[in-house]
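The values are calculated or read from the model by the stated rules, or taken from the named source; none is laboratory data. Keep in mind that this is a model prediction, so the values were computed, not measured. A quick note on method: Cβ atoms are made from the backbone with ideal geometry, for glycine too, and the neighbour counts reach across all protein chains shown. Surface areas here come from the heavy atoms of the whole protein model, side chains and all, with no ligands, DNA or RNA. Shrake-Rupley method; radii C 1.70, N 1.55, O 1.52, S 1.80 Å.
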Amino acid sequence: MATVPLSHDVRDLSLAPDGRRRIEWADTQMPVLRTIRERFERERPLDGFNLAACLHITSETANLAITLQAGGASVRLCASNPLSTNDEVAASLVADFEIPVFAIKGEDESTYYQHIEGAVAIPPHVTMDDGADLVTTLHTRRRDLLARIVGGTEETTTGVVRLRSMEASGVLEYPIVAVNQADTKHLFDNRYGTGQSAIDGIIRATNVLIAGRTVVVCGYGWCGRGVASRAHGMGANVIVTEVDPTRAIEAVMEGSRVMTMAEAARVGDIFVTTTGNIHAIGIEHLRSMHDGAIVANAGHFNVEIDIDAMEQIAAKRRMRPFVDEYRFPDGHCVFLLGEGRLVNLAAAEGHPAAVMDMSFANQALCAEYLVQNAASLDRKVYDVPTGIDREVARLKLVSLGMEIDVLTAEQRQYLESWELGT
Ligand code: ADE
(Lines give C-alpha, C1' and ligand atoms only; values in the text may rest on other atoms or scores of the structure.)
Protein backbone atom coordinates (compact mmCIF):
# COMPACT_ATOMS: atom_id res chain seq x y z
CA MET A 1 0.00 0.00 0.00
CA ALA A 2 1.34 3.46 -0.88
CA THR A 3 2.16 5.62 2.14
CA VAL A 4 0.15 8.81 2.45
CA PRO A 5 2.50 11.82 2.54
CA LEU A 6 2.51 13.69 5.85
CA SER A 7 0.25 16.71 5.54
CA HIS A 8 2.46 18.98 7.64
CA ASP A 9 4.88 19.19 10.56
CA VAL A 10 4.76 22.48 12.43
CA ARG A 11 5.18 23.38 16.12
CA ASP A 12 1.56 24.08 17.08
CA LEU A 13 -1.46 24.80 14.91
CA SER A 14 -3.04 26.89 17.66
CA LEU A 15 -0.43 29.58 16.85
CA ALA A 16 -2.18 30.19 13.52
CA PRO A 17 -4.18 33.34 14.41
CA ASP A 18 -1.00 35.22 15.36
CA GLY A 19 0.72 33.93 12.23
CA ARG A 20 -2.13 35.08 10.05
CA ARG A 21 -1.91 38.63 11.37
CA ARG A 22 1.85 38.59 10.72
CA ILE A 23 1.26 37.43 7.15
CA GLU A 24 -1.34 40.16 6.61
CA TRP A 25 1.03 42.75 8.07
CA ALA A 26 3.84 41.73 5.72
CA ASP A 27 1.40 41.88 2.81
CA THR A 28 0.87 45.60 3.48
CA GLN A 29 4.58 46.09 2.65
CA MET A 30 4.62 43.87 -0.45
CA PRO A 31 2.66 45.69 -3.17
CA VAL A 32 4.62 44.25 -6.09
CA LEU A 33 3.96 40.68 -5.01
CA ARG A 34 0.30 41.59 -4.51
CA THR A 35 0.04 42.91 -8.08
CA ILE A 36 1.54 39.67 -9.35
CA ARG A 37 -0.82 37.64 -7.16
CA GLU A 38 -3.84 39.43 -8.61
CA ARG A 39 -2.69 38.62 -12.14
CA PHE A 40 -1.86 35.03 -11.16
CA GLU A 41 -5.41 34.62 -9.78
CA ARG A 42 -6.81 35.58 -13.19
CA GLU A 43 -4.31 33.77 -15.43
CA ARG A 44 -3.33 30.70 -13.34
CA PRO A 45 0.07 30.27 -15.05
CA LEU A 46 1.18 27.54 -12.62
CA ASP A 47 -1.93 25.37 -12.93
CA GLY A 48 -1.07 21.68 -12.60
CA PHE A 49 2.48 22.23 -11.32
CA ASN A 50 3.74 20.91 -7.98
CA LEU A 51 6.20 23.29 -6.41
CA ALA A 52 8.52 22.36 -3.52
CA ALA A 53 10.11 25.35 -1.81
CA CYS A 54 12.94 25.26 0.73
CA LEU A 55 12.94 28.83 2.07
CA HIS A 56 13.11 30.63 5.39
CA ILE A 57 9.57 30.26 6.75
CA THR A 58 8.69 33.88 7.43
CA SER A 59 5.64 36.07 6.88
CA GLU A 60 7.24 37.26 3.61
CA THR A 61 7.72 33.70 2.38
CA ALA A 62 4.11 33.03 3.33
CA ASN A 63 3.00 35.77 0.93
CA LEU A 64 5.14 34.25 -1.81
CA ALA A 65 3.63 30.79 -1.19
CA ILE A 66 0.11 32.25 -1.29
CA THR A 67 0.96 33.98 -4.58
CA LEU A 68 2.26 30.75 -6.12
CA GLN A 69 -0.86 28.96 -4.91
CA ALA A 70 -3.00 31.73 -6.45
CA GLY A 71 -1.20 30.99 -9.71
CA GLY A 72 -2.43 27.41 -9.56
CA ALA A 73 0.62 25.66 -8.08
CA SER A 74 0.37 22.96 -5.39
CA VAL A 75 2.95 24.35 -2.98
CA ARG A 76 4.79 22.47 -0.22
CA LEU A 77 7.26 24.29 2.01
CA CYS A 78 10.19 23.32 4.20
CA ALA A 79 12.74 25.48 6.04
CA SER A 80 16.08 26.43 4.51
CA ASN A 81 17.67 26.82 7.93
CA PRO A 82 16.91 25.05 11.23
CA LEU A 83 16.63 28.33 13.16
CA SER A 84 14.83 30.63 10.73
CA THR A 85 11.23 29.40 10.98
CA ASN A 86 8.52 31.57 12.41
CA ASP A 87 6.31 28.94 14.06
CA GLU A 88 3.22 31.17 14.06
CA VAL A 89 3.50 31.76 10.31
CA ALA A 90 4.09 28.05 9.66
CA ALA A 91 0.93 27.22 11.61
CA SER A 92 -1.16 29.75 9.73
CA LEU A 93 0.01 28.54 6.33
CA VAL A 94 -1.27 25.06 7.23
CA ALA A 95 -4.44 26.05 9.08
CA ASP A 96 -5.60 29.05 7.07
CA PHE A 97 -4.15 28.52 3.59
CA GLU A 98 -3.96 24.71 3.34
CA ILE A 99 -0.29 24.90 2.37
CA PRO A 100 1.65 21.91 3.75
CA VAL A 101 4.61 23.19 5.77
CA PHE A 102 7.42 21.10 7.26
CA ALA A 103 9.39 23.40 9.56
CA ILE A 104 9.88 23.93 13.27
CA LYS A 105 12.17 26.60 14.70
CA GLY A 106 15.12 24.88 16.41
CA GLU A 107 14.72 21.55 14.59
CA ASP A 108 17.79 19.31 14.63
CA GLU A 109 19.70 18.36 11.50
CA SER A 110 17.96 15.04 11.00
CA THR A 111 14.51 16.66 11.29
CA TYR A 112 15.66 19.38 8.89
CA TYR A 113 16.37 16.75 6.22
CA GLN A 114 13.18 14.80 7.04
CA HIS A 115 11.33 18.05 6.43
CA ILE A 116 12.91 18.37 2.99
CA GLU A 117 11.54 14.87 2.33
CA GLY A 118 8.12 16.15 3.41
CA ALA A 119 8.29 18.97 0.89
CA VAL A 120 9.07 16.58 -1.99
CA ALA A 121 6.63 13.86 -0.88
CA ILE A 122 4.33 15.03 -3.68
CA PRO A 123 6.95 14.92 -6.47
CA PRO A 124 7.74 18.47 -7.57
CA HIS A 125 7.90 19.89 -11.09
CA VAL A 126 9.51 23.10 -9.88
CA THR A 127 11.88 23.68 -6.96
CA MET A 128 12.60 26.89 -5.11
CA ASP A 129 15.69 26.96 -2.95
CA ASP A 130 17.53 29.26 -0.58
CA GLY A 131 21.02 27.78 -0.20
CA ALA A 132 20.56 24.76 -2.53
CA ASP A 133 19.89 22.09 0.15
CA LEU A 134 16.75 21.01 -1.72
CA VAL A 135 18.56 20.69 -5.05
CA THR A 136 21.45 18.77 -3.49
CA THR A 137 19.01 16.42 -1.71
CA LEU A 138 17.33 15.72 -5.06
CA HIS A 139 20.72 15.15 -6.75
CA THR A 140 21.91 12.74 -4.05
CA ARG A 141 19.30 10.82 -2.03
CA ARG A 142 16.23 11.48 -4.21
CA ARG A 143 17.45 11.08 -7.78
CA ASP A 144 14.22 9.17 -8.48
CA LEU A 145 12.43 12.54 -8.51
CA LEU A 146 14.73 14.33 -10.97
CA ALA A 147 13.12 13.20 -14.22
CA ARG A 148 9.87 15.11 -13.79
CA ILE A 149 11.43 18.41 -12.65
CA VAL A 150 11.26 21.16 -15.27
CA GLY A 151 13.35 23.72 -13.40
CA GLY A 152 14.14 25.53 -10.22
CA THR A 153 15.06 28.89 -8.74
CA GLU A 154 17.74 29.86 -6.24
CA GLU A 155 17.45 32.78 -3.84
CA THR A 156 20.89 33.33 -2.39
CA THR A 157 24.58 33.87 -3.24
CA THR A 158 25.72 30.73 -1.41
CA GLY A 159 23.21 28.61 -3.31
CA VAL A 160 24.25 30.11 -6.64
CA VAL A 161 27.91 29.30 -5.86
CA ARG A 162 26.99 25.66 -5.10
CA LEU A 163 24.81 25.35 -8.20
CA ARG A 164 27.46 26.81 -10.48
CA SER A 165 29.88 24.27 -9.05
CA MET A 166 27.34 21.52 -9.91
CA GLU A 167 27.00 22.90 -13.43
CA ALA A 168 30.79 23.10 -13.87
CA SER A 169 31.15 19.49 -12.67
CA GLY A 170 28.49 18.40 -15.19
CA VAL A 171 26.15 17.03 -12.51
CA LEU A 172 23.31 19.57 -12.58
CA GLU A 173 20.23 17.76 -13.92
CA TYR A 174 17.80 20.61 -14.54
CA PRO A 175 17.82 24.37 -15.28
CA ILE A 176 17.98 26.82 -12.41
CA VAL A 177 17.27 30.54 -12.51
CA ALA A 178 19.58 32.38 -10.11
CA VAL A 179 17.16 34.91 -8.61
CA ASN A 180 20.00 36.29 -6.47
CA GLN A 181 21.68 37.66 -9.59
CA ALA A 182 18.80 40.02 -10.45
CA ASP A 183 19.68 43.66 -9.74
CA THR A 184 16.31 44.04 -8.05
CA LYS A 185 17.32 41.22 -5.72
CA HIS A 186 20.93 41.55 -4.56
CA LEU A 187 21.23 45.34 -4.72
CA PHE A 188 18.35 45.65 -2.28
CA ASP A 189 17.81 42.40 -0.36
CA ASN A 190 21.50 41.61 0.21
CA ARG A 191 22.51 45.22 0.85
CA TYR A 192 19.63 46.98 2.63
CA GLY A 193 17.91 43.80 3.83
CA THR A 194 20.95 42.18 5.42
CA GLY A 195 22.31 45.58 6.45
CA GLN A 196 19.28 46.38 8.56
CA SER A 197 18.23 42.92 9.72
CA ALA A 198 21.69 41.71 10.80
CA ILE A 199 22.06 44.77 13.04
CA ASP A 200 18.46 44.20 14.19
CA GLY A 201 19.32 40.59 15.13
CA ILE A 202 22.41 41.67 17.09
CA ILE A 203 20.44 44.31 18.95
CA ARG A 204 17.44 42.08 19.70
CA ALA A 205 19.72 39.31 20.99
CA THR A 206 21.97 41.50 23.13
CA ASN A 207 20.55 45.03 23.47
CA VAL A 208 24.12 46.31 23.14
CA LEU A 209 24.87 49.90 22.17
CA ILE A 210 26.38 50.13 18.71
CA ALA A 211 27.54 53.76 18.94
CA GLY A 212 31.24 54.01 19.70
CA ARG A 213 31.83 50.27 19.29
CA THR A 214 34.30 48.75 16.86
CA VAL A 215 32.31 46.60 14.47
CA VAL A 216 34.30 44.20 12.31
CA VAL A 217 32.56 43.21 9.07
CA CYS A 218 34.17 40.15 7.48
CA GLY A 219 33.56 40.20 3.74
CA TYR A 220 32.57 43.20 1.62
CA GLY A 221 30.11 41.74 -0.86
CA TRP A 222 26.62 43.27 -1.02
CA CYS A 223 25.69 41.91 2.41
CA GLY A 224 28.91 43.16 4.01
CA ARG A 225 28.46 46.58 2.44
CA GLY A 226 24.97 46.75 3.89
CA VAL A 227 26.08 45.78 7.39
CA ALA A 228 29.06 48.17 7.30
CA SER A 229 26.92 51.06 6.07
CA ARG A 230 24.27 50.56 8.79
CA ALA A 231 26.94 50.14 11.49
CA HIS A 232 28.53 53.43 10.33
CA GLY A 233 25.10 55.05 10.48
CA MET A 234 24.69 53.99 14.10
CA GLY A 235 28.01 55.52 15.11
CA ALA A 236 30.26 52.47 15.08
CA ASN A 237 33.92 52.45 14.10
CA VAL A 238 33.87 49.99 11.25
CA ILE A 239 36.68 47.65 10.24
CA VAL A 240 36.36 45.52 7.10
CA THR A 241 38.32 42.35 6.41
CA GLU A 242 38.51 41.14 2.80
CA VAL A 243 40.46 38.86 0.46
CA ASP A 244 39.65 40.88 -2.68
CA PRO A 245 41.84 44.00 -3.13
CA THR A 246 39.25 45.96 -5.14
CA ARG A 247 36.53 45.40 -2.58
CA ALA A 248 39.00 46.33 0.14
CA ILE A 249 39.68 49.70 -1.52
CA GLU A 250 35.95 50.30 -1.86
CA ALA A 251 35.59 49.69 1.86
CA VAL A 252 38.36 52.19 2.58
CA MET A 253 36.75 54.83 0.38
CA GLU A 254 33.42 54.25 2.10
CA GLY A 255 35.14 55.21 5.36
CA SER A 256 36.06 51.87 6.92
CA ARG A 257 39.48 50.72 8.07
CA VAL A 258 40.76 47.59 6.35
CA MET A 259 43.05 45.09 8.02
CA THR A 260 43.64 41.37 8.31
CA MET A 261 41.40 39.27 10.49
CA ALA A 262 44.37 38.56 12.77
CA GLU A 263 44.69 42.30 13.49
CA ALA A 264 40.95 42.97 13.62
CA ALA A 265 40.39 40.10 16.07
CA ARG A 266 42.44 41.94 18.69
CA VAL A 267 40.54 45.23 18.47
CA GLY A 268 36.95 44.42 17.49
CA ASP A 269 33.99 44.56 19.86
CA ILE A 270 31.34 43.08 17.55
CA PHE A 271 32.13 40.77 14.62
CA VAL A 272 29.76 39.99 11.75
CA THR A 273 30.67 37.44 9.07
CA THR A 274 29.23 37.84 5.56
CA THR A 275 31.81 35.99 3.47
CA GLY A 276 29.94 32.83 2.38
CA ASN A 277 33.14 30.96 3.18
CA ILE A 278 34.33 28.57 5.83
CA HIS A 279 36.18 29.74 8.98
CA ALA A 280 36.43 33.44 8.16
CA ILE A 281 36.84 33.64 11.93
CA GLY A 282 39.14 30.79 12.97
CA ILE A 283 39.99 29.51 16.41
CA GLU A 284 43.21 31.57 16.50
CA HIS A 285 41.07 34.70 16.02
CA LEU A 286 38.57 33.67 18.70
CA ARG A 287 41.47 33.04 21.07
CA SER A 288 42.89 36.54 20.53
CA MET A 289 39.62 38.48 20.93
CA HIS A 290 39.19 40.64 23.99
CA ASP A 291 37.00 39.57 26.88
CA GLY A 292 33.32 40.06 26.01
CA ALA A 293 33.66 40.25 22.23
CA ILE A 294 30.41 39.47 20.39
CA VAL A 295 30.50 37.25 17.31
CA ALA A 296 27.65 36.81 14.84
CA ASN A 297 27.18 35.38 11.37
CA ALA A 298 25.01 36.86 8.62
CA GLY A 299 26.10 34.46 5.86
CA HIS A 300 23.91 31.56 4.75
CA PHE A 301 25.63 28.65 6.53
CA ASN A 302 26.94 28.33 10.07
CA VAL A 303 30.47 27.55 8.86
CA GLU A 304 31.96 31.05 8.87
CA ILE A 305 33.01 30.91 12.53
CA ASP A 306 34.96 27.88 13.71
CA ILE A 307 32.42 26.96 16.38
CA ASP A 308 33.48 23.30 16.52
CA ALA A 309 37.00 24.23 17.57
CA MET A 310 35.65 26.69 20.14
CA GLU A 311 33.33 23.99 21.57
CA GLN A 312 36.40 21.78 22.13
CA ILE A 313 38.25 24.22 24.34
CA ALA A 314 35.79 26.72 25.81
CA ALA A 315 33.09 26.25 28.48
CA LYS A 316 29.65 27.14 27.14
CA ARG A 317 26.81 28.82 28.99
CA ARG A 318 23.53 30.21 27.64
CA MET A 319 23.27 33.81 28.81
CA ARG A 320 19.90 34.66 27.22
CA PRO A 321 18.07 33.51 24.08
CA PHE A 322 20.45 33.47 21.10
CA VAL A 323 23.48 34.46 23.24
CA ASP A 324 26.00 31.76 24.24
CA GLU A 325 29.04 32.59 26.33
CA TYR A 326 32.23 30.64 25.51
CA ARG A 327 34.80 30.94 28.27
CA PHE A 328 38.35 30.07 27.21
CA PRO A 329 40.92 28.44 29.53
CA ASP A 330 42.77 31.79 29.85
CA GLY A 331 39.59 33.30 31.35
CA HIS A 332 38.43 35.52 28.47
CA CYS A 333 35.01 34.93 26.98
CA VAL A 334 33.40 35.40 23.59
CA PHE A 335 29.64 35.67 23.08
CA LEU A 336 28.29 33.79 20.06
CA LEU A 337 24.89 34.87 18.73
CA GLY A 338 22.26 32.57 17.24
CA GLU A 339 24.55 29.51 17.35
CA GLY A 340 26.45 31.03 14.46
CA ARG A 341 23.43 30.73 12.18
CA LEU A 342 22.02 33.68 10.24
CA VAL A 343 21.67 36.20 13.05
CA ASN A 344 19.01 38.23 11.22
CA LEU A 345 16.65 35.25 11.00
CA ALA A 346 17.65 33.42 14.17
CA ALA A 347 17.38 36.41 16.52
CA ALA A 348 15.17 38.77 14.50
CA GLU A 349 12.66 38.42 11.65
CA GLY A 350 14.90 38.46 8.60
CA HIS A 351 14.81 41.16 5.96
CA PRO A 352 11.95 43.62 6.03
CA ALA A 353 8.99 42.80 3.81
CA ALA A 354 9.56 45.85 1.60
CA VAL A 355 12.79 44.37 0.21
CA MET A 356 11.52 40.78 0.15
CA ASP A 357 8.73 42.22 -2.02
CA MET A 358 11.24 42.57 -4.88
CA SER A 359 13.11 39.33 -4.19
CA PHE A 360 9.91 37.31 -4.10
CA ALA A 361 8.37 39.11 -7.07
CA ASN A 362 11.42 37.82 -8.97
CA GLN A 363 10.80 34.33 -7.56
CA ALA A 364 7.15 34.30 -8.63
CA LEU A 365 7.89 35.63 -12.12
CA CYS A 366 10.81 33.22 -12.56
CA ALA A 367 8.61 30.26 -11.60
CA GLU A 368 6.19 31.38 -14.31
CA TYR A 369 9.10 31.85 -16.76
CA LEU A 370 10.42 28.34 -16.03
CA VAL A 371 7.16 26.54 -16.70
CA GLN A 372 6.63 28.55 -19.88
CA ASN A 373 10.17 28.08 -21.22
CA ALA A 374 11.23 24.71 -19.82
CA ALA A 375 11.53 23.10 -23.25
CA SER A 376 14.19 25.57 -24.41
CA LEU A 377 16.34 25.59 -21.27
CA ASP A 378 19.47 23.47 -20.67
CA ARG A 379 20.87 22.00 -17.48
CA LYS A 380 22.50 25.29 -16.53
CA VAL A 381 22.34 28.12 -14.06
CA TYR A 382 20.63 31.09 -15.76
CA ASP A 383 20.47 34.73 -14.80
CA VAL A 384 17.03 36.25 -14.30
CA PRO A 385 15.80 37.51 -17.68
CA THR A 386 16.37 41.27 -17.90
CA GLY A 387 12.70 41.82 -18.73
CA ILE A 388 11.64 40.31 -15.39
CA ASP A 389 14.27 42.28 -13.45
CA ARG A 390 13.18 45.58 -15.02
CA GLU A 391 9.49 44.78 -14.59
CA VAL A 392 10.04 44.24 -10.87
CA ALA A 393 11.82 47.61 -10.63
CA ARG A 394 9.03 49.28 -12.61
CA LEU A 395 6.29 47.81 -10.42
CA LYS A 396 8.17 48.82 -7.25
CA LEU A 397 8.44 52.40 -8.48
CA VAL A 398 4.74 52.46 -9.36
CA SER A 399 3.94 51.17 -5.88
CA LEU A 400 6.03 54.00 -4.40
CA GLY A 401 4.06 56.49 -6.48
CA MET A 402 7.19 57.63 -8.28
CA GLU A 403 7.72 58.42 -11.92
CA ILE A 404 11.00 58.63 -13.79
CA ASP A 405 12.02 60.38 -16.99
CA VAL A 406 12.15 58.72 -20.39
CA LEU A 407 14.84 59.39 -22.98
CA THR A 408 13.86 61.90 -25.64
CA ALA A 409 14.32 60.87 -29.28
CA GLU A 410 17.30 63.26 -29.41
CA GLN A 411 18.92 61.63 -26.35
CA ARG A 412 18.37 58.13 -27.66
CA GLN A 413 19.91 59.09 -30.97
CA TYR A 414 22.90 60.69 -29.20
CA LEU A 415 23.54 57.51 -27.20
CA GLU A 416 23.41 55.41 -30.34
CA SER A 417 25.80 57.61 -32.32
CA TRP A 418 29.57 58.11 -32.16
CA GLU A 419 30.22 61.12 -34.45
CA LEU A 420 29.56 63.90 -31.92
CA GLY A 421 32.61 64.61 -29.72
CA THR A 422 34.50 67.64 -28.35
N1 ADE B 1 15.90 35.91 3.82
C2 ADE B 1 16.26 36.98 4.54
N3 ADE B 1 15.19 37.56 5.09
C4 ADE B 1 14.11 36.83 4.73
C5 ADE B 1 12.72 36.94 4.99
N6 ADE B 1 12.23 37.93 5.74
N7 ADE B 1 11.92 36.01 4.46
C8 ADE B 1 12.43 35.02 3.71
N9 ADE B 1 13.71 34.88 3.42
C10 ADE B 1 14.56 35.78 3.92
Kindly identify the range 1-124 as rounded, prolate or oblate by the Cα gyration tensor criterion: order the square roots of the eigenvalues as a ≥ b ≥ c, call it rounded if a/c is under 1.5, otherwise compare a/b with b/c, prolate if a/b is larger, else oblate. oblate
nm² value of the averaged projected area, convex hull over the Cα atoms of the range 83-216: 10.7 nm²
Determine the calculated [θ] at 222 nm for the chain from helices alone, applying -39500 (n - 2.57) to every DSSP H run no shorter than 4 residues and normalising by the residue count; nearest 500 deg cm²/dmol. -13000 deg cm²/dmol
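Just to confirm a number: summing +1 for Lys and Arg and -1 for Asp and Glu over residues other than Tyr113 whose beta-carbon lies under 9 angstrom from that of Tyr113, what do you get?
Values: positive: Arg141; negative: Glu109, Glu117, Asp133.
Around Tyr113, the charge tally is -2.
What is the extension gain from Asp291 to Thr246, computed as 0.36 nm multiplied by their sequence separation minus the C-alpha to C-alpha distance, in nm to one decimal?
Numbers: separation 45, 0.36 × 45 = 16.20 nm, distance 3.27 nm.
Here the answer is 12.9 nm.
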Label-point separation (nm) for Ala375 and Leu209, each offset 7 Å from Cα along Cα-to-Cβ? 6.7 nm
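What accessible area per residue comes out for the range 62-123, rounded to a whole number of Å², with a 1.4 Å probe? If you can, show how the numbers build up before the last one.
Values: 1640 Å² over 62 residues.
On a per-residue basis, 26 Å².
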In terms of the charge dipole of the chain, which places +1 on Lys and Arg and -1 on Asp and Glu at the beta carbon, the residue among Ala62, Met310, Val94 farthest towards the positive end is Met310
Eligible lysines near Lys185 by straight Cα distance, threshold 21 Å, same-chain separation 8 or greater: Lys380, Lys396
Label point 7 Å beyond Cα of Arg148 along Cβ direction - residues of the range 76-98 with amide nitrogen under 17 Å: 76-77
Accessible surface of His351 - all protein chains present, 1.4 Å probe, nearest 10 Å²: 30 Å²
Can you tell me, using C-alpha contacts under 8 Å and at least 6 residues apart, the relative contact order of the chain as a whole percent? 16 percent
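Would you mind calculating the gained length between Val171 and Glu325 on full extension (0.36 nm times residue separation, minus the Cα-Cα distance), in nm to one decimal? Could you put the intermediate results ahead of the total?
Details: separation 154, 0.36 × 154 = 55.44 nm, distance 4.19 nm.
Here the segment from Val171 to Glu325 would lengthen by 51.2 nm.
On a 1.4 Å probe surface of the protein chains, which of Trp25, Trp418 comes out largest in accessible area, and what is the full order? Don't jump to the answer; show the numbers that get you there.
Values: Trp25 170, Trp418 205 Å².
These residues rank, largest area first, as Trp418, Trp25.
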Where the only charges are on Cβ atoms (+1 Lys, Arg; -1 Asp, Glu), what is the dipole of the range 170-295 about its Cα centre, to the nearest 20 debye? 260 debye
Report the percentage of all Cα-Cα pairs in the chain whose separation exceeds 28 Å, rounded to a whole percent. 50 percent
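Rounded to the nearest percent, how much of the accessible area of the chain (1.4 Å probe, protein heavy atoms only) is carbon and sulfur? Please list the in-between numbers first.
On the way: 9620 of 18820 Å².
Roughly 51 percent of what the probe reaches on the chain is carbon or sulfur.
Any idea what the dipole of the chain comes to, in debye rounded to 20, about its Cα centre with Lys/Arg Cβ at +1 and Asp/Glu Cβ at -1?
On the way: 39 positive and 57 negative charges, 71 e Å.
Dipole magnitude for the chain comes out near 340 debye.
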Area of Glu43 that stays accessible when all protein chains are in place (1.4 Å probe, Å², to 10): 100 Å²
Probe 1.4 Å - accessible area at Thr28, Å² to nearest ten: 80 Å²
